[in-house]
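Undergrad: Have a look at this one.
The values are calculated or read from the model by the stated rules, or taken from the named source; none is laboratory data. Please read all numbers here as calculations on a predicted model, not as lab measurements. Glycine also receives a Cβ, built like all others from the backbone with ideal geometry; neighbour counts cover every protein chain displayed.
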């Protein structure tokens with residue numbers, strides 16, 4: 001494959017360096033052609049022009065070979081001992097990594113694997129004019145992850161269709177979000193949409209517009225939250241009281257009758273103690289206790 005590039009710079013050497021960086025190759029492997037020689041300004045003020053150089057690079061390796069070589073270099077730098085197998089696909093390839101103790105290459109939720117795939121794809125697309133898709137997989141992780149996401153989408157969609165409530169999933173990349181949206185379409189009465197910005201953009205699954213439970217308010221109750229399920233079977237129902245039955249009535253209490261008694265004064269032995277004089281208040285009062293005066 002032949003790749004060409006034209007650059008303009010103050011000198012020929014600067015233009016060649018720009019072409020080599022653009023083509024991603026060494027200058028010795030590029031055939032340069034000077035289209036325009038640089039000219040200095042007269043008296044440093046007038047005229048002058050930059051150099052224009054054209055570079056032609058013949059690529060002998062395919063995009064898949066370049067992607068494999070790049071990935072081998074990165075894995076070797078990371079200290080991973082792995083074997084890479086190239087599987088050609090339509091408009092791309094799949095690089096299968098095999099080895100032991102390669103979990104750190106996958107990373108949390110496949111973040112490290114996605115980063116390696118993105119960088120390897122950039123390297124491979126320097127060769128092909130059209131877009132060349134590169135996929136990296138370890139131990140069928142992609143297939144297992146896809147099946148897990150589809151199962152999660154079906155479960156959350158069924159719950160949203162049954163309860164009429166929406167649920168948010170964890171942040172995902174565009175490919176995984178697309179899998180969720182496709183799987184939710186299989187469940188009647190549920191729909192999905194994406195909210196947020198990268199890298200925290202996530203999928204929300206909720207009831208669809210034709211779901212009758214979309215705008216229904218959940219009933220609050222005791223027990224399981226549904227009518228009748230929280231009540232013990234056979235127990236009597238509580239009837240609603242009328243307004244007249246809310247009148248607070250004072251309790252009926254028995255009033256103890258006041259029994260006056262005399263409080264004799266100390267007298268000499270053998271003498272009859274005088275009786276205490278009772279006032280009118282003592283004779284007519286109704287008290288709860290006894291008062292000695």
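Undergrad: Applying the selection to segment 8-26, what residues are within 18 Å of residue 38 (Cβ to Cβ) and without any contact (Cβ under 8 Å) to a residue 40 or more places away in the chain?
TA: Correct list: 13, 14, 15, 16, 17, 18, 19.
Matching residues to (1) in contact with a helix residue (DSSP H, G or I) (Cβ under 6 Å, 6 or more places away or on another chain); (2) surrounded by 13 or more Cβ atoms within 10 Å (Cβ to Cβ):
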site: 37; (1), (2): no, no
site: 42; (1), (2): no, no
site: 49; (1), (2): no, yes
site: 53; (1), (2): yes, yes
site: 61; (1), (2): no, no
site: 70; (1), (2): yes, yes
site: 84; (1), (2): yes, yes
site: 87; (1), (2): no, no
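Undergrad: Just name the residue that is surrounded by the fewest Cβ atoms within 10 Å (Cβ to Cβ) out of those in segment 7-18 that are touching a helix residue (DSSP H, G or I) at 6+ places or on another chain (Cβ under 8 Å) and closer than 30 Å to residue 64 by Cα.
TA: Step by step, filter segment 7-18, then rank; the result is 17.
Undergrad: Identify, please: which residue in segment 177-199 is surrounded by 16 or more Cβ atoms within 10 Å (Cβ to Cβ) and touching a helix residue (DSSP H, G or I) at 6+ places or on another chain (Cβ under 6 Å) and is, among those, farthest from residue 114 (Cα to Cα)?
TA: The residue in question is 189.
Undergrad: Right, next: Hey, among 155, 150, which residue is more than 25 Å from residue 116 (Cβ to Cβ), within 19 Å of the chain's Cα centre (by Cα) and at pLDDT 90 or above?
TA: 155
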